[in-house]
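To start, the structure under review is shown below, and the notes come after it.
FYI, it's all coordinate maths here, none of it is from the lab. Computed from a prediction, not measured in an experiment: that's the story for all the values here. Note: ideal-geometry Cβ built from the backbone for every residue, glycine included; neighbour counts use all protein chains shown.
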Amino acid sequence: MLETRRILQGDRLRLRPLASTDLRRCVKWFSDPQIIHFLGRNSPVTLPEEERWFRDYERRTDEQIFAIEAEGLHIGNIGLHKIDRVHRKSEVGIVIGEPTFWSKGYGTEAMRTALLYAFGPLSLNKVSLDVLEYNTRAIRIYERLGFNREGVHREDIYKDGRFVHVIRMSILARELREPAVP
Ligand SMILES: CC(C)(COP(=O)(O)OP(=O)(O)OC[C@H]1O[C@@H](n2cnc3c(N)ncnc32)[C@H](O)[C@@H]1OP(=O)(O)O)[C@@H](O)C(=O)NCCC(=O)NCCS
């Protein structure tokens with residue numbers, strides 16, 4: 001495991017290490033068509049698969065997954081994947097699994113909190129992600145935070161009967177933007 005897995009505090013939410021007791025909720029989210037629509041995978045996940053994945057994850061040193069907690073509830077996950085200490089980079093993935101919590105600013109705040117950790121205590125220089133071309137809500141929050149488009153993986157995913165472009169985005173430590181003043 002990478003050092004101690006810690007709790008990251010944002011203004012309205014906190015990120016705490018994902019626990020095995022969270023997995024049933026994650027299975028529910030990753031089996032919900034409205035969530036899967038925005039992700040690279042097409043099929044629902046099962047609890048045994050998720051438990052196997054978690055056992056493997058606990059042994060890994062290159063991945064840190066956080067539960068996003070807001071209003072006293074676990075509403076989603078955010079993870080740093082493929083953490084590379086040599087080149088000081090990682091990938092990031094986020095899901096707010098409860099659609100009633102979408103568009104309330106939690107995704108932006110969770111991503112900012114994870115990036116402050118990645119560029120601060122983890123000393124990374126670059127964080128990258130892949131996003132489906134039609135996921136405009138996600139792309140807007142990434143661009144607002146300072147992510148740049150690196151390129152397009154053309155027709156990389158087959159989704160709902162058609163091929164979809166996948167946009168590769170990244171942010172460097174010096175590019176993270178301050179939150180907009182309300
Ligand atoms: C994509 C996702 C993570 C975005 O998270 P979110 O919490 O819905 O996004 P936010 O609320 O931070 O930002 C969306 C809107 O809320 C607004 N907002 C920002 N701060 C706010 C606040 N404090 N209060 C209210 N609204 C706020 C933003 O202005 C934004 O509006 P706009 O897009 O119309 O400009 C989330 O919708 C999700 O998990 N979707 C399904 C899975 C997915 O797409 N994952 C990403 C795969 S790459």
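General observations
- For segment 116-182, size of Cβ-based charge dipole, Lys and Arg +1, Asp and Glu -1, in debye: 100 debye
- Cβ-derived FRET efficiency at R0 25 Å, Gln34 paired with Phe54, nearest 0.05: 0.60
- Extension gain (nm, one decimal) between Ala173 and Arg85, 0.36 nm per residue minus Cα-Cα: 30.2 nm
- Rounded to the nearest 500, the 222 nm mean residue ellipticity of the chain from helices alone is -7500 deg cm²/dmol, with -39,500 (n - 2.57) taken per DSSP H run of at least 4 residues.
- Of all the options Trp29, Trp102, Trp53, the one that moves most in a Gaussian network model of the chain with Cα springs shorter than 10 angstrom is Trp53.
- Assigned charges on the beta-carbon of Lys, Arg, Asp, Glu; the chain dipole about Cα centre (debye): 300 debye
- Relative contact order, percent, segment 8-175 [alpha-carbon distance under 8 Å, six or more residues apart]: 19 percent
- Each of Val27, Thr46, Ser103 was placed along the dipole of the chain (beta-carbon charges, centred on the mean Cα), and the one lying farthest toward the positive end is Ser103.
- 25 Å Cα-Cα reach of Lys89 towards lysines, excluding residues that sit fewer than 8 places from it in its own chain: Lys126
- Label-point separation in nm, Ile7 to Arg24, each point 7 Å along Cα→Cβ: 2.3 nm
- Extreme residue, positive dipole direction of the chain, given options Ile167, Gly76, Leu8 (C-beta unit charges): Leu8
- Most simply put, the chain has about 90% antiparallel DSSP beta bridges, counting only bridges with both residues inside it.
- Working value for segment 8-175: equivalent-ellipsoid semi-axes of 22, 21, 17 Å, each the square root of 5 times a Cα gyration tensor eigenvalue, largest first.
- When the chain is treated as a GNM with alpha-carbon contacts under 10 Å, the residue of Asp32, Asp160, Asp22 showing the greatest mean-square fluctuation is Asp160.
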